[in-house]
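Worksheet for the structure shown next.
The values are calculated or read from the model by the stated rules, or taken from the named source; none is laboratory data. Just so you know, these numbers come straight off a predicted model, no measurement behind them. Counting neighbours? That spans all protein chains shown, and the Cβs are built from the backbone with ideal geometry, glycine included.
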Amino acid sequence: MRAQAVVPTSDRILAERIVGARDESAFRELYRRHTPRLHQFVLRIMGGDEPEAEDVVQDTWIRASRNLGDFRWESKFETWLTGIGLNLCRNRLRSSGRWTDLPELSLAAGQVEHREDRVDLERAISLLPAGFRAVLVLHDIEGFKHTEIAEQLGVTEGTSKSQLWSARRAMRRMLNPAGSEQGDVT
Amino acid sequence: MMDDRNEGDRPEPVELTAAEREALDALPREREPGRLLEERTVRTLRDEGLLASGPGRRVESASDSGMSTRRPWWRSAAAIAAGIALFAGGLSVGQVLGARQTADALQTVFVGRDARLASEVQRTGSDYVAALAALSEVDFQQPADSGQALEVALTALWAAANEIVRLAPDDPLTARILQGFEARARESNDRGPGGQLLVEF
């Protein structure tokens, strides 16, 4: 007997089963496939607040499920989901006064408040102002291009670039508060 | 600390060093949320009518195994019984369950179904709590022994809570128990691989 390769059901087929038949097992499969990545992303954008990140992940899936029938599959499902998650993070951060729209975010890199002498990379990212953090996570961790970030955040490409540089500079100074520009990374 | 640029200047590109790039690449890209979140999300979607509800829905993912994915009713019954047994008596470990109340509750829940199975599960739950009570009386000579006993007891509690959350995702007591376990597991993970507390069934 020949071994049969197990091919995972595509996101699109699972989505069609959810929309067409309200199929719970299809939803669970899609959820389990994408949630670990979504959760890690949202957790970073929210600055490491685990309960808040879980709330955002749940809201992301609810919003995605409501709009699944309208998704045109011109981008990857994962990218679409990340975009929804990012918007929800932004709304939540904005409503609690923790998000400043990027064009207004002119905080000098060295002015990021932190009291520790030296922090590790994950902590440094979480200490960045939310707008800086979002651009840095999207570009340097998730691999989005500036054009995509600009579209997601509703800013120009130039703004995305300048905020990334400010974010990197701030991160570097937190990692090496002694003053070296070429900070060690732990 | 002041920035070394004049306000309004066009910022200079800041490129990542090789070490920074490597460190960013090494950051984890995935993180499992608590099990509770999936159940909570599914429940909300059912309530909104976006997922089918009712006895015919499939609970397990088809990719989990090649076996039938429908959850048999008796497993839910067993979970209810185990939950009742554990939590009815669990608040006062050292006493052998409020057996009468638990048995009465089970009779009510399972009347006309498989009362024998329910009763068996209830007895097992009672035995478990009694064993815990006996364990708590033991004077351990080695601290490691009491640690292992605690681990076993917590693992059983964790497994029971996981079953209950499938039946009642919004139950606040179960939610708090599982959140406690998740917080503890995260702390253990942060301490490194040697710090893992729970052994999954």
Where residues in region B:8-41 are at pLDDT below 90 and more than 8 Å from chain A (Cβ to nearest Cβ), which of them is surrounded by the fewest Cβ atoms within 10 Å (Cβ to Cβ)? B:Gly8
Take the conditions among the small types (Gly, Ala, Ser) and away from chain B (no Cβ under 13 Å) and apply them to A:Ser95. Does it pass? yes
Of all the residues that make up region A:18-77, how many are farther than 20 Å from A:Asn91 by Cα and of a type in the set (Asp, Glu)? 5
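One line per residue, one yes/no per condition, for (1) within 10 Å of chain B (Cβ to nearest Cβ); (2) crowded, with 23+ Cβ neighbours inside 10 Å; (3) modelled with pLDDT of 95 or more:
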residue	(1), (2), (3)
A:Phe41	yes, yes, yes
A:Ala53	yes, yes, yes
A:Asp59	yes, no, yes
A:Asp70	no, no, yes
A:Glu74	no, no, no
A:Phe77	no, no, yes
A:Gly85	no, yes, yes
Being in contact with a His (Cβ under 7 Å, 6 or more places away or on another chain) and either at the interface with another protein chain (Cβ under 9 Å from one of its Cβ atoms) or at pLDDT below 50 (or both), is that true of even one residue in region B:50-70? no
State which residue pairs qualify: first residue assigned by TED's automatic domain parsing to the domain that holds A:Ala124 and on the phi < 0 side of the Ramachandran plot and inside region A:135-150, second residue basic (Lys, Arg) and in a helix (DSSP H, G or I) in any location, beta carbons under 6 Å apart, and separation of 6 or more residues or different chains. A:Val137/A:Arg44; A:His146/A:Lys161
Name the helices (runs of 4 or more DSSP H) wholly within region A:1-84 that hold at least 3 residues that are over 21 Å from the mean Cα position of the chain (by Cα)? A:11-21, A:24-45
